[in-house]
Amino acid sequence: MSTEYATKHLKPAERFAFWRDVICDAYLPIHCATPDAAGFDGGIMLDRLTKLNVSRVTGSPQQVTRRKDHIARDAVSFFMLSLQLSDVGHLSQLGRSTVLHPGDFGLYTTSEPYEVTCGRPVNQLVIQIPYETLLARVPQVEMLTGLGVSAASDIGGLVSQQLRQCAAHVSGQSALVQTHMQDMMVDLVAVGIATLAEGKVALGRPDQLLLARAKTVIRDHLREEHLKPTFVADAVGMSQRNLARVFQREGSTIAAFIRQARLEAISQDLIDPRLVSHSVSQIACKWGLHNFQHFSKQFKDAYGMTPREWRVNKRTLQ
């Protein structure tokens, strides 16, 4: 049975506050911002199924962000798929980003910070998939988040169409049919995401576990200036050369992941209203970066604007 959340029956002044509470209830701890809180309107039609959560999200322009503090309060991990039904959306995670046009879809994980922005009215199909369920089908899926599958491609268009049809009919079926349809939807997502993995080397299960351990060490010590590839390798009990090969098979390096994780943490702190009195340099130092000029260049290379420009630009949406 579908559950509807809508702001249309509320007074305009109450709508956005209600919406922010609803989103966290429907999905998971996240932050939502909009350029026009006074004129906001939104709706969610949610189907909580036995294996998946499927929802249609509509509403005013908005930006949804999941930060480290949100992740700390919610240990269960999922993969989320956003399929753009109309207008344009933007998805970014771990330094990877994509623009979603109608029919396109992108994947992101709730275990890492992410940002989904719709500068025009929101109109998306969102599918929440258990982490291990998709990982079992696409072992290298973690390195494909933040990327988009185009509906203009043969496989992308086919998967997009089939997902929309399944989402429109799954809730009205018997329990047995629902189970098979949910499995089919996960398989469709796996097919679409697998097109992004062509030419990439799939990581075996031992390497996946090793990579996960290394990334956990990095996140746990992200604030420490001494966090270097040698420290990470020692912490997981292997040589730096061998650990570097594991990261290389994922298409990255140890140092690049450390840098990317720090920049992501700083980007979130810069727009955190609780840290408005902290300077950019103070926030950078908090995350182990003390060469401000070098940090500023890295930030601009990653986000297309300086840290100060990012702070001002993003606050206009809050």
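The values are calculated or read from the model by the stated rules, or taken from the named source; none is laboratory data. Predicted model only: the values in this text are computed from it and were never measured. Cβ coordinates were reconstructed from backbone atoms using ideal geometry, including for glycine residues, and neighbour counts include every protein chain displayed.
A few points about this structure:
- Top-ranked residue in the stretch 30-51 [being among the hydrophobic types (A, V, I, L, M, F, W, C) and part of a loop (DSSP other than H, G, I, E, B); ranked as surrounded by the fewest Cβ atoms within 10 Å (Cβ to Cβ)]: A38
- The residues in the stretch 7-29 that are more than 25 Å from T109 (Cα to Cα), touching a residue at least 12 places away in the same chain (Cβ under 8 Å) and not in a helix (DSSP H, G or I) can be counted, and the count is 2.
- Enumerated helices (runs of 4 or more DSSP H) restricted to the stretch 214-307, each holding at least 3 residues that are within 25 Å of M143 (Cα to Cα) and either in contact with a Ser or Thr (Cβ under 9 Å, 6 or more places away or on another chain) or touching a residue at least 24 places away in the same chain (Cβ under 8 Å) (or both): 229-236, 240-249, 254-270, 292-303
- The set of residues in the stretch 282-300 that are surrounded by fewer than 19 Cβ atoms within 10 Å (Cβ to Cβ), modelled with pLDDT under 90 and hydrophobic (A, V, I, L, M, F, W, C) contains only F292.
- The one condition in (1) at pLDDT below 95; (2) part of a loop (DSSP other than H, G, I, E, B); (3) of a type outside the set (G, A, S) that M143 fails to fulfil: (2)
- Residue in the stretch 101-110 that is among the acidic types (D, E), at pLDDT below 95 and not in a strand (DSSP E or B) present: no
- Evaluation of T133 against (1) part of a strand (DSSP E or B); (2) at pLDDT below 95 (one fails), failing number: (1)
- The listed residue being within 25 Å of the chain's Cα centre (by Cα) and of a type in the set (S, T, N, Q), out of T230, T253: T253
- Members of the stretch 176-207 found to be more than 18 Å from S82 (Cα to Cα) and at pLDDT below 90, listed by number: A197, E198, G199, K200, V201, A202, L203, G204, R205, P206, D207
Residue by residue, here is whether (1) under 25 Å from Y303 (Cβ atoms); (2) out of contact with any Asp or Glu (no Cβ under 9 Å at 6 or more places or on another chain); (3) surrounded by 17 or more Cβ atoms within 10 Å (Cβ to Cβ) holds:
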{"site": "L222", "(1), (2), (3)": "yes, yes, yes"}
{"site": "H226", "(1), (2), (3)": "no, yes, no"}
{"site": "L243", "(1), (2), (3)": "no, yes, yes"}
{"site": "T253", "(1), (2), (3)": "yes, yes, no"}
{"site": "Q260", "(1), (2), (3)": "yes, yes, yes"}
{"site": "I266", "(1), (2), (3)": "yes, yes, yes"}
{"site": "I271", "(1), (2), (3)": "yes, yes, yes"}
{"site": "V280", "(1), (2), (3)": "yes, yes, yes"}
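- Every residue from the stretch 165-179 that is surrounded by fewer than 16 Cβ atoms within 10 Å (Cβ to Cβ), in contact (Cβ under 8 Å) with a residue 40 or more places away in the chain and not β-branched (V, I, T): A175
- Within the stretch 6-29, if we keep just the residues that are in contact with a helix residue (DSSP H, G or I) (Cβ under 8 Å, 6 or more places away or on another chain) and not polar (S, T, N, Q), the residue that is surrounded by the most Cβ atoms within 10 Å (Cβ to Cβ) turns out to be L28.
- Top-ranked residue in the stretch 57-71 [being farther than 21 Å from E132 by Cβ and among the hydrophobic types (A, V, I, L, M, F, W, C); ranked as surrounded by the most Cβ atoms within 10 Å (Cβ to Cβ)]: V57
- Per the conditions (1) touching a residue at least 24 places away in the same chain (Cβ under 8 Å); (2) closer than 30 Å to R262 by Cα, the sole criterion not satisfied by E4 is (2).
- Every condition in (1) surrounded by fewer than 21 Cβ atoms within 10 Å (Cβ to Cβ); (2) in contact with a helix residue (DSSP H, G or I) (Cβ under 9 Å, 6 or more places away or on another chain); (3) not in a helix (DSSP H, G or I) is met by L83 except one, and the failing one is (1).
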